[in-house]
Protein chains: 2
Amino acid sequence: MLVRKNILKIKPYIPGKPIEEVQRELGLKEVVKLASNENSLGPSPRAVSYIKKNLKNLNRYPDSTAFYLKQKLAKDLKVKPANLITGNGSDEIITLALKAFVNEGEEVIIGDTTFLIYKIASQVANAKVTIVPMSNFRYDLETMRKRITNKTKMIFIANPDNPTGTYVARNEVSRFMKGIPKSLIVFFDEAYYEFGRQKKDFPDTMKYLNRGNVIISRTFSKAYGLSGLRVGYGLSTPEVIGYMDRVREPFNVNILAQGAALAALDDKQFLKRTLSNTKKGKEFLYKEFDKLGFEYVPSATNFILVDLRRDCKKVFKKMLSSGVIVRDMKAWGLDTYIRVTVGTERENKKFITALRRIL
Amino acid sequence: MLVRKNILKIKPYIPGKPIEEVQRELGLKEVVKLASNENSLGPSPRAVSYIKKNLKNLNRYPDSTAFYLKQKLAKDLKVKPANLITGNGSDEIITLALKAFVNEGEEVIIGDTTFLIYKIASQVANAKVTIVPMSNFRYDLETMRKRITNKTKMIFIANPDNPTGTYVARNEVSRFMKGIPKSLIVFFDEAYYEFGRQKKDFPDTMKYLNRGNVIISRTFSKAYGLSGLRVGYGLSTPEVIGYMDRVREPFNVNILAQGAALAALDDKQFLKRTLSNTKKGKEFLYKEFDKLGFEYVPSATNFILVDLRRDCKKVFKKMLSSGVIVRDMKAWGLDTYIRVTVGTERENKKFITALRRIL
């Protein structure tokens, strides 16, 4: 057979529908996208301003080492640049970790209501995937730890989690880490870190870095509003980072993403506005769901998982024709749930209006 | 062992030194980079103009399917969008092909004086690499074909080749393709296609596409001047593309790259200027090398491989301190060769002046 084995087992990732696509397909003018946990306030203005001034050198390859971005991150995070690797979004950090550490047939442990890319990327890496049920939409670290075998090479923990919006607390992580052998990697995906750390008991996973078997990934796609540019980073020991660097394509992070991310790190005001808009938006949506009698999962992120008690595919389609894109949870087996990103005040209202009309 | 097997065998790719790095390290103000076969005229102006007008939506994920870019490419190339896949540079098309088709331990056939990424990416994919010597700096397709075994899964052919600048002609490819079994993929890397096709006997590899075991990759990094943005594409049958799509990360090509590439395809004037500048620059450099008595390899690309008959590492360093970055060919075992990208008239003169000073 021409194609590699196990390829046909892979169920491709279905992204949130792009605004342009919905406009094109349904002939709608105004479309609100609350489907991909993007920053509803737009990109960081400092990042945009950086790009405007730096368009002359697009003919040059990006710096393979992301020198300046890593310098800045290292300073902000109080680590060395050698503790850092940058990726084409933090999606790529996941892929690089799998490529660097997991041999064909080795096991990867994953939650059941979590970011779908862990499973897909593990299958691409020819790993065996062990799915552990979550408990009340929360990671069950205790059970995950019990599922470790001598074949286990990686455990993925999304903290906070997507699509549930829940997080595992400091004491849970602390207990979990005590039972983890050095023969496997614990991968903390902290894509929603900036939102999560608003919780007092959110864990500081960086204190586990020097164990040599912990990788943390973070991204500029969410709180910094740069999903379109594709830039994220990984944190670990220089040794672990060195292995990941060996399997990285040399020019994986584009030149504008590197500069824009650097600028966004200094955009404290934008981050503040983002956190405040998210907080207010969540309060508004919680209240509206309460009024409508829908149960939701309290969220440590910029999105909410809510049970509408009706076929989520149908809700998705009806919302779409009202010009509101949400994410139905069919792919996670949550057949009556949708996930809605917190938007601007106007977007949140449009969403609620559309929802009320459907019911 | 924590790390995956064979990782330590991988010899990382060493990119051309970035301008900023040389400025930083040597305290130089004006630095000319002729090290990475970038477009010396800058990026396509239409691409830059597109970006300026499209900075509002950087908070949105890029279109996973690159709908508009594929539509446009399909129209220009007279294929269907289903024949196309886009990548984070054409580097990624190489990686996706390996991931989709090559099982651990299967063989990949590669030339010895060619793009280093084939070997590195094949090692990352846990493939066995068979290196076939080139003949007088040209791909020896006849010998490559003879090295096929029942374990061979892919053959890489850079056409035109980098770092030699040579190409394989229509009749050579035609003869080669006659002996190729359907059980392996022939990968034509046409990163320098727009330059190569200026040669009358440059092959039209697209006519082999419907065999179902041919992949062609091309890029916006060279003739279109968009190296910094990272965008390239692959061409094959819908079936082959479908397999590659299954191992692709969903948001691999950033939002600005997609739009800029689309704009660049319509920038006929820029392409014309690029080809004309390259032609003139090569003529100038050939003449200068002749005067200096240095042998060079006639090039179908925007760079020249030249034998300076002295330690290329030393030449590289001396050129660097004169503010000219070239590529020494040590990594290819060509210890007295450098590769120089054709620059602007001014850059070419600066290079020759620096070279003369060294001798």
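The values are calculated or read from the model by the stated rules, or taken from the named source; none is laboratory data. If you're wondering where the values come from, they're calculated on a predicted model, not measured in any experiment. Using ideal geometry, Cβ is built from the backbone for each residue, glycine included, and neighbour counts are taken over all protein chains shown. Areas reflect the complete protein model, heavy atoms only, side chains present, ligands, DNA and RNA absent. Shrake-Rupley method; radii C 1.70, N 1.55, O 1.52, S 1.80 Å.
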Test: residue in segment B:112-131 that is acidic (Asp, Glu) and surrounded by 18 or more Cβ atoms within 10 Å (Cβ to Cβ): no
Some residue of segment A:181-192 being within 9 Å of chain B (Cβ to nearest Cβ) and assigned to a strand (DSSP E or B): yes
Where B:ASN37 falls short, out of the listed (1) facing another protein chain (nearest Cβ under 9 Å); (2) at pLDDT 95 or above: (1)
Residues of segment A:77-94 satisfying the condition of being assigned to a helix (DSSP H, G or I) and touching a strand residue (DSSP E or B) at 6+ places or on another chain (Cβ under 8 Å): A:LEU77, A:ASN83, A:SER90, A:ASP91, A:GLU92, A:ILE93, A:ILE94
Residues (among the hydrophobic types (A, V, I, L, M, F, W, C) and at the interface with another protein chain (Cβ under 8 Å from one of its Cβ atoms)) located in segment A:9-26: A:ILE10, A:ILE19
Restricting segment A:56-80 to residues that are without any contact (Cβ under 8 Å) to a residue 40 or more places away in the chain and at the interface with another protein chain (Cβ under 9 Å from one of its Cβ atoms), the residue that is surrounded by the fewest Cβ atoms within 10 Å (Cβ to Cβ): A:LYS56
Residues located in segment B:158-176, provided they are part of a helix (DSSP H, G or I) and open to solvent by less than 10 Å² (accessible area, probe 1.4 Å): B:VAL173, B:PHE176
Selected residue [part of a helix (DSSP H, G or I), outside the structural domain of B:THR166 (by TED's automatic domain parsing) and small (Gly, Ala, Ser)] from B:ALA261, B:ALA331: B:ALA331
Scope segment B:177-226; condition among the polar types (S, T, N, Q) and open to solvent by 10 Å² or more (accessible area, probe 1.4 Å); matching residues: B:SER183, B:GLN198, B:ASN210
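Tally up the residues in segment B:40-55 that are closer than 30 Å to A:ASN37 by Cβ and either more than 8 Å from every other protein chain (Cβ to nearest Cβ) or modelled with pLDDT under 90 (or both), please.
3
Matching residues to (1) open to solvent by 40 Å² or more (accessible area, probe 1.4 Å); (2) assigned to a helix (DSSP H, G or I); (3) within 10 Å of another protein chain (Cβ to nearest Cβ); (4) within 22 Å of B:LYS330 (Cα to Cα):
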{"residue": "B:GLY234", "(1), (2), (3), (4)": "no, no, no, no"}
{"residue": "B:ASN252", "(1), (2), (3), (4)": "no, no, yes, no"}
{"residue": "B:LEU256", "(1), (2), (3), (4)": "no, yes, yes, no"}
{"residue": "B:THR278", "(1), (2), (3), (4)": "no, yes, no, no"}
{"residue": "B:LYS291", "(1), (2), (3), (4)": "yes, yes, no, no"}
{"residue": "B:ILE304", "(1), (2), (3), (4)": "no, no, no, yes"}
{"residue": "B:ARG310", "(1), (2), (3), (4)": "yes, no, no, yes"}
Those residues of segment A:2-30 which are touching a residue at least 12 places away in the same chain (Cβ under 8 Å) and surrounded by 19 or more Cβ atoms within 10 Å (Cβ to Cβ), in sequence order: A:TYR13, A:GLY16, A:LYS17, A:PRO18, A:ILE19, A:VAL22
Flag if B:GLY87 is within 13 Å of chain A (Cβ to nearest Cβ), touching a residue at least 40 places away in the same chain (Cβ under 8 Å) and at positive phi: no
Candidate set from segment A:16-34 (those that are at pLDDT 90 or above and assigned to a loop (DSSP other than H, G, I, E, B)); member that is farthest from the chain's Cα centre (by Cα): A:GLY27
Which numbered condition B:LEU285 fails, given (1) surrounded by fewer than 19 Cβ atoms within 10 Å (Cβ to Cβ); (2) assigned by TED's automatic domain parsing to the domain that holds B:LEU34: (1)
Selection within segment A:107-141 - assigned to a strand (DSSP E or B) and not basic (Lys, Arg): A:GLU107, A:VAL108, A:ILE109, A:ILE110, A:GLY111, A:VAL129, A:THR130, A:ILE131, A:VAL132, A:SER135
Which numbered condition A:ILE155 fails, given (1) surrounded by fewer than 20 Cβ atoms within 10 Å (Cβ to Cβ); (2) within 14 Å of another protein chain (Cβ to nearest Cβ): (1)
Residue selected from segment B:264-276 under the condition away from every other protein chain (no Cβ under 14 Å) and part of a helix (DSSP H, G or I), by the criterion farthest from B:GLU345 (Cα to Cα): B:LEU265
Qualifying residue in segment A:142-153 (condition: part of a loop (DSSP other than H, G, I, E, B), without any contact (Cβ under 8 Å) to a residue 40 or more places away in the chain and of a type in the set (D, E, K, R)): yes
Residue selected from segment A:236-249 under the condition assigned to a loop (DSSP other than H, G, I, E, B) and open to solvent by 10 Å² or more (accessible area, probe 1.4 Å), by the criterion nearest to the other protein chains (Cβ to nearest Cβ): A:GLU249
Residue count for segment B:193-232, restricted to those that are within 14 Å of another protein chain (Cβ to nearest Cβ) and either at positive phi or among the β-branched types (Val, Ile, Thr) (or both): 7
The one condition in (1) within 14 Å of another protein chain (Cβ to nearest Cβ); (2) assigned to a strand (DSSP E or B) that A:ALA97 fails to fulfil: (2)
Flag if B:GLU30 is facing chain A (nearest Cβ under 8 Å) and at negative phi: no
Top-ranked residue in segment B:312-341 [being more than 22 Å from the chain's Cα centre (by Cα) and in contact (Cβ under 8 Å) with a residue 60 or more places away in the chain; ranked as surrounded by the most Cβ atoms within 10 Å (Cβ to Cβ)]: B:LEU320
Which numbered condition A:LEU41 fails, given (1) more than 17 Å from the chain's Cα centre (by Cα); (2) within 16 Å of A:VAL231 (Cβ to Cβ); (3) among the aliphatic types (A, V, I, L, M): (2)
